[in-house]
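Q: Okay, handing you the structure first.
The values are calculated or read from the model by the stated rules, or taken from the named source; none is laboratory data. Please read these numbers as outputs of a predicted model, since none were measured by experiment. For neighbour counting, all protein chains shown are included, and Cβ atoms are generated from backbone atoms with ideal geometry for every residue, glycine included. All accessible areas refer to the heavy atoms of the entire protein, side chains included, with ligands and DNA or RNA removed. Shrake-Rupley method; radii C 1.70, N 1.55, O 1.52, S 1.80 Å.
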Amino acid sequence: MPTLSPRQRFLIALLLGSAGFLVNLLRFEIFFNVDFIFGSVFVMLAILLAGPVAGVIAAVIAGGATLVLWNHPWALVIATAEALCVGGLHSRRSWDLLLADLLYWVVLGTPIVWVCYHLVLHIQPETTLLIILKQSVNGIVNTLLACLLHLSWRARSRPRGGPRPAFRNAVFVTLVSLVTFPALLFLAAFLRREIRNEEQLLANRSVELDRVTRRALNDWIGDRHQAIATLAALVARPDLDAAARQQATDIIRTASPAFRRVGVLDDRAIVTAYSPLLDDQGRTVLGRDFSDRPYIPILKETLRPHVADLAMGRIGRPAPIFPLVVPILRNGRYDGYCIGITDTNLVRELLQTIAGQGNGQLTLLDRKGLVVSTTRTDLPVMAAFPPVEGEARPLGEGIWHRIPMARLGQSRMQRWRHSLVVREGLLGPELPWKVVVELPFAPLIDTLTRISILGLGALLLLILGTVSLAQVLSRGFTTSVAQLEAATRAFPALLDSDPEKRLILPDSGIEEMHHLALRFDQMAEALRASFRELRAFKDTLEQRVVARTAELQTALDTIRTLHGIIPICSSCKKIRDDHGAWNQLETYISQHTDAAFTHGICPECARRFLADARREDAEG
């Protein structure tokens, strides 16, 4: 290639680096944001076209996109180190670009990634190993793409002053490409299928957990409602006095340990019976007014059992309460209500039993979105359920993959590890409380990480084996061509120095190469024969020139003789030769030239001859 000026090299680095930056943003996702980016293809092209310094500049520009993608600078450091190492090996030691990149990832790239991701970003060792394999395969694939593009460009454009691509390099890159790219596509398809299957299993588990939770909660609430409804039926009897009402209240509370307190209130919401009768300070609860409770109008309107939203209790120490209320009906008319204050710890124990030994979390929310009970340790009762800030990927109807927002210095994979699969559903049509099922995504990531490590490790070993085999095969395929090329290059000098010496041509096991060598040997033999004829002709050329010159001189002398003064008879036209003899004109010319004569008679002589003949006849 023609020598480039520093300004031209910088422009190439700037253009290719900018193209790499844009291409890096168009990442190819394998699974849970394990991405392949292809910007380093342009970095390697910058090395091939403009040298290692241009490659490093392009790497810095293109690697800037990783700051946007992954929120940390370490991928930029790794990409710059790759360009520096590969560019130096390629330009100073004339290494093949792909082999130089393989050496970088085996010797330098792996420890650099380990330091940056495990020691600096504190990513788990297993995940760091996955990143090492992914970045190694990604870098090698990008270098292979750059080699293909560069070979194609050189073969098609044939730049002035630049060499054409070597046949061995073309065979080597083609063989590696034919194995690497199909294997990569197969691995990507396999991993995507696995992630879909695992996500579907996780979504199905959330659906099943939601179904079991809703059924268990509805049964649990229904059983407690039934106990309160029994109390409401007892106190609705007109013959029940205050003592019997208090006794019935105590019996219901004793029979239902889920209730912390049980009470009976009249149509003005005044307590007429309560168990326990005294609060935490030892004061009686009878006679207290709860007419401000928001569920009383609902009871009066519907005349049906009701689950009230959480509220702060006013008996004893203020605390959130979870009341179940049932109207007291006399003659079909509202006449007060019975209330049971449940122990939310029992609801939590129920949720923990449903969640089992898994890592899932269950949360029950009331109509206002306040926590009734939860298995989460970071959410107190009656706290507002926090919205998840970040991304939300739909996994099905009512099922979302919630990914936390990005933080500076936190990798995308770390965010996915802290993400959740969330399903939200109503407890029932008559009780619009919400059940929230949260399943961690980390176990799925761990499973897929192990699968991906095996897949990418196998792909990397396949690439290494393919490169080694392609080196051997490309040399084997092209050795005969190289030997034939060397023989043809040496043939002119050999023909001049020792034309009888035969060429040593390769004996290839490939039929076409064997026939090509035979045809060239035949051509060389034909050239030798022609060369021998030319040399023999050259050896006799001087004698031939002398003889021909003599012949030409004789002809010239003859021509000069005929051009001199010739004595001719003015009457009979005979010519006198050099010896004094008179010869016919035809004889003289025939002796001195190659001319031949034929005889005829001209019209004038014919008329004269005919007139003479007639005259002689007349006279006779």
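Q: Karplus couplings for region 93-107 from phi (6.51 cos²θ - 1.76 cosθ + 1.60, θ = phi - 60°), rounded to Hz, Gly and Pro as x?
A: With the stated coefficients, region 93-107 comes to 10, 6, 6, 4, 4, 5, 5, 5, 5, 4, 4, 4, 5, 6, 8 Hz.
Q: Just the number, please: carbon plus sulfur as a percent of the accessible area of region 88-237, 1.4 Å probe, no ligands or DNA/RNA counted. Please list the in-between numbers first.
A: Working: 4510 of 7460 Å².
For region 88-237, the apolar C and S fraction of the accessible surface comes to 60 percent.
Q: Roughly how many nanometres apart are two label points built 7 Å out from the Cα toward the Cβ at Val546 and Asp219?
A: Distance between the two pseudo-spin positions: 13.1 nm.
Q: Sticking with this structure for a sec: What nm value, rounded to one decimal, do you get for the distance between Ser91 and Val388 when each label is placed 7 Å out toward the C-beta?
A: Output for this residue pair reads 4.9 nm.
Q: Could you size up the charge dipole of the chain around its Cα centre, putting +1 on the beta carbon of Lys and Arg and -1 on that of Asp and Glu, and report it in debye to the nearest 20?
A: Details: 67 positive and 59 negative charges, 311 e Å.
Approximately 1500 debye in magnitude.
Q: Within 10 Å, count the other beta carbons around each residue, average over each peptide in 44-54, 569-579, 364-374, and list them highest first.
A: Values: 44-54: 24.4, 569-579: 10.3, 364-374: 19.8.
My ranking of the peptides, most packed first, is 44-54, 364-374, 569-579.
Q: Let me ask another. Fully extended, how many nm does the chain gain between Thr302 and Leu454 (0.36 nm per residue separation, minus their Cα-Cα distance)? Walk me through the numbers before you get to the answer.
A: Values: separation 152, 0.36 × 152 = 54.72 nm, distance 6.23 nm.
Stretched fully, the Thr302-Leu454 segment lengthens by 48.5 nm.
Q: 5 Å is the cut-off here: which amide hydrogens, built 1.01 Å from N in the peptide plane, fall below it relative to Ser373, excluding neighbours closer than 5 in sequence?
A: Answer set, sorted by chain and number: Leu364.
Q: Additional query: How large is ³J(HN,Hα), in whole Hz, for each residue of region 189-202 in order, when computed from phi with the Karplus curve 6.51 cos²θ - 1.76 cosθ + 1.60 and θ = phi - 60°, using x for Gly and Pro?
A: 5, 5, 5, 5, 5, 5, 5, 5, 5, 5, 5, 5, 4, 5
Q: A further question on this structure: Can you check how the C-alpha radius of gyration of region 43-97 compares to 2.2 N^0.38 Å, as a plain ratio?
A: Values: Rg = 11.4 Å, N = 55, 2.2 N^0.38 = 10.1 Å.
Cα-based Rg divided by the globular estimate yields 1.13.
Q: Sticking with this one: When only C-alpha pairs under 8 Å and at least 6 residues apart count, what is the relative contact order of the chain, in percent?
A: On the way: 834 pairs, mean separation 66.0, N = 620.
Relative contact order for the chain comes out at 11 percent.
Q: Moving on. Apply the Karplus curve 6.51 cos²θ - 1.76 cosθ + 1.60, θ = phi - 60°, to the phi angles in region 8-20 and return the couplings in whole Hz, x for Gly and Pro.
A: Rounded to whole hertz, the list is 5, 5, 5, 5, 4, 4, 5, 5, 5, x, 5, 4, x.
Q: With N set to the number of residues, divide the alpha-carbon radius of gyration of region 145-234 by 2.2 N^0.38 Å and report two decimals.
A: Working: Rg = 32.9 Å, N = 90, 2.2 N^0.38 = 12.2 Å.
For region 145-234, the normalised Cα radius of gyration comes out at 2.71.
Q: Want the number for Gln553 to Asn331: 0.36 nm per residue separation, take away the alpha-carbon distance, what's left? Mind dumping the intermediate values first?
A: Numbers: separation 222, 0.36 × 222 = 79.92 nm, distance 16.09 nm.
Going from the current span to full extension adds 63.8 nm.
Q: Let me ask something else about it. Need the list of lysines near Lys368 for cross-linking: C-alpha distance under 17 angstrom, and skip anything on the same chain fewer than eight residues off.
A: Lys434
Q: Kindly rank 100-109, 323-332 from highest to lowest mean number of other beta carbons found within 10 Å of each residue. Can you show the working numbers first?
A: Details: 100-109: 20.0, 323-332: 18.0.
Put in order of decreasing packing, that is 100-109, 323-332.
Q: If I ignore ligands, DNA and RNA and count only protein heavy atoms, how much of Trp400 is accessible to a 1.4 Å probe, in Å² to the nearest 10?
A: Probe radius 1.4 Å; accessible area of Trp400 about 90 Å².
Q: Tell me, what is a quarter of the convex hull surface for the C-alpha atoms of region 190-294, in nm² with one decimal? Let's see the in-between values first.
A: Working: hull surface 41.4 nm².
Mean shadow area of the hull around the Cα atoms is 10.3 nm².
Q: Taking Lys538 as the anchor, which lysines have their alpha carbon closer than 25 Å to its alpha carbon, excluding any fewer than eight residues away along the same chain?
A: The qualifying lysines are Lys501.
Q: Can you tell me the length gained on complete extension of the stretch Asp343 to Thr598, counting 0.36 nm per residue apart and subtracting the Cα distance?
A: Working: separation 255, 0.36 × 255 = 91.80 nm, distance 15.29 nm.
Gain on stretching Asp343 to Thr598: 76.5 nm.
Q: Moving on. I'd like to compare 82-95, 473-486, 289-302: which one has the highest average count of other Cβ atoms within 10 Å, and what's the full order after that?
A: Working: 82-95: 18.8, 473-486: 15.9, 289-302: 13.7.
Top to bottom by mean Cβ count within 10 Å: 82-95, 473-486, 289-302.
Q: Where does the Debye-calculated log10 I(q)/I(0) of region 358-484 sit at q = 0.19 Å⁻¹, using only Cα point scatterers of equal weight, no solvent?
A: With one equal scatterer per Cα and no solvent, log10 I(q)/I(0) is -1.11.
Q: While we're looking at this one, here's another question. Would you mind working out the accessible area per residue for the chain, using a 1.4 Å probe, and quoting it in Å²?
A: Working: 33930 Å² over 620 residues.
About 55 Å² of surface per residue is accessible.
Q: Another question, then. Probe radius 1.4 Å, ligands and nucleic acids ignored: give me the carbon and sulfur share of the accessible area of region 426-467 as a rounded percent.
A: Working: 1140 of 1550 Å².
Ligands and nucleic acids excluded, carbon and sulfur give 73 percent.
Q: Roughly speaking, to the nearest percent, how much of region 257-389's 1.4 Å accessible area is carbon and sulfur?
A: Looking at region 257-389 in its full context, I get 51 percent from C and S.
Q: Another question about this same structure. Could you tell me the relative contact order of region 60-171? Use alpha-carbon pairs under 8 Å, at least six residues apart, and round to a whole percent.
A: Working: 69 pairs, mean separation 19.8, N = 112.
Over region 60-171, the number comes to 18 percent.
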